[in-house]
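Shown next, in structure tokens, is the structure this report addresses.
The values are calculated or read from the model by the stated rules, or taken from the named source; none is laboratory data. Predicted model, so just to flag it, every value in this text is computed and none were measured. As a convention, Cβ positions derive from the backbone with ideal geometry for all residues, glycine included, and neighbour counts pool all protein chains shown. Accessible surface is based on the protein model in full, side chains and every heavy atom, while ligands, DNA and RNA are left aside. Shrake-Rupley method; radii C 1.70, N 1.55, O 1.52, S 1.80 Å.
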Amino acid sequence: MKYRIAVLAALTAAWTGPVLAQAKDPTIAGIEKYREMLGDDNPAELYEARGEQLWKKKAGPKNASLEQCDLGLGPGVVKGAYVQTPRYYADADRVMDMETRINWCRMNLQGVSEADIRKRPFGSADKPSEIEDLLTYVVTASKGMKMNVPTDHPKEREAFQLGQAVFHMRAGPYDFSCATCHGEDNLRIRLQELPNLTKAEDAKRAYVGWPAYRVSTSRVHTMQWRINDCFRQQRLPEPRYMSEAVNAVITYMAQTGNGAEYKGPALKR
Amino acid sequence: MKTEKQPTLSVALAIGVATALMAGCATDRSAYNPSPEVIKHAMAAFKRDFDAKGAAGLDRLNTDKLQDVCNATNSKPSPDMAAVVEREQEAAIKLPADGKFLGDWKAGEKLAQSGRGMTWKDKAGIPNGGNCYNCHQISPAELSYGTIGPSLLHFGKTRGNSPEIQKYAYSKIYNSKAFSACSAMPRFGHAGALTETQIKDLVALLLDPTSPVNK
């Protein structure tokens, strides 16, 4: 573990410089080399280990652990739960992605206040956020399994339809929608390749890498974070964490890219 | 447009909505044919689920007529409808009062490189960049360019440097939608993202014979 952290520190230091004008993105090349060195390992393992501890630890006003949390496959079942989200949860009467669901359990089982959960959803390199640890733990337990996102419940269909419409909605001073950048094949912003998230093939590839360990920021980012930052690039105001709009967009992408093998937290630029 | 009376925008919109409604029955889930109800639902989610942050206020969720047309048709308006909105956008273009279109290409290159501006992280009061390299190849030396827009390498060399081309380039950057109703390119002048001087510098980058774009 110690060796890995040292390697990581050295490599991230080398990669945080500006992107140079080269045909092959040096960051991508660097990440490929880094992947080779680590083999199957990934710095997200640190998050996973912390997440497992947090999951089992009694906490919150109700002094309860999360071990009885129902992620969709029954109370306490973590393995395989991630590949079946986002899904409709009858107890909450809404469609939730896994990040929203874990937070729902923190509120309902542990009594953590919604205000506390909203205070700091996205961590920083030196100060991770608890949800990033918890989520990494939960998703890692589905590594290697096939994405099997349920699509039959009327609310799951409704979420897909809303997500698709939000994805295509042009607004703001630049008239952008998600589809402006992710609605055609083989587009790039500078040298960054943009998946066509309206198509199964690209959506599959993009979706199964999240949450992701980003080398440029040296930390794990969640899909809720990814959507937040893309709405920023769209020049819109900030989408509310765990809101219906964000969950619908995630549901749209997940259902579009259903069926691929979940890869666990990927390394990204 | 061959008919005597040109359709008003609301008529054009009604046609579009009717077409969208008919197309809404398609069963292919990957195809997107928005019905007015779906758009209304998405608009409501936008208004409910976003918070103002930095320079990005909630007013940015209020779509204008052009955005409404593009949203109702998944950015594929009928030719008639496109013609109507393109004329409306064109009518709102403010050309430079001094009649000059060419600024300083060196300043233009800096602007084209800069991707800053108008996100909630950008501080208000600092001039915006053009974001041009995010989407276009422009100068031959810059290999880190995007592909959402066509290559503009040798733009002046191939199009010439006539007053008409200068006016076109200025107008295109000022309001891309005057030429292509639902273009992916922002309306930089129309939206107040770039100033007259900045747009002139960008026109010079594209058209000045001494600009690296035309070497």
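Residue-level analysis places residue B:151 among those that are within 14 Å of chain A (Cβ to nearest Cβ) and touching a residue at least 12 places away in the same chain (Cβ under 8 Å). For region B:90-128, the set of residues classified as over 30 Å from residue B:143 (Cβ atoms) and crowded, with 22+ Cβ neighbours inside 10 Å is empty. Counted as qualifying within region A:74-140 are the helices (runs of 4 or more DSSP H) with 3 or more residues that are without any contact (Cβ under 8 Å) to a residue 12 or more places away in the chain, namely A:114-119. Once region B:138-161 is narrowed to residues that are open to solvent by 40 Å² or more (accessible area, probe 1.4 Å) and either among the polar types (S, T, N, Q) or modelled with pLDDT under 95 (or both), the residue that is nearest to residue B:204 (Cα to Cα) is B:161. Out of everything in region B:111-147 that is under 28 Å from residue B:57 (Cβ atoms) and touching an Asp or Glu at 6+ places or on another chain (Cβ under 8 Å), what residue ends up being farthest from the other protein chains (Cβ to nearest Cβ)? Among those that are under 28 Å from residue B:57 (Cβ atoms) and touching an Asp or Glu at 6+ places or on another chain (Cβ under 8 Å), it is B:111.
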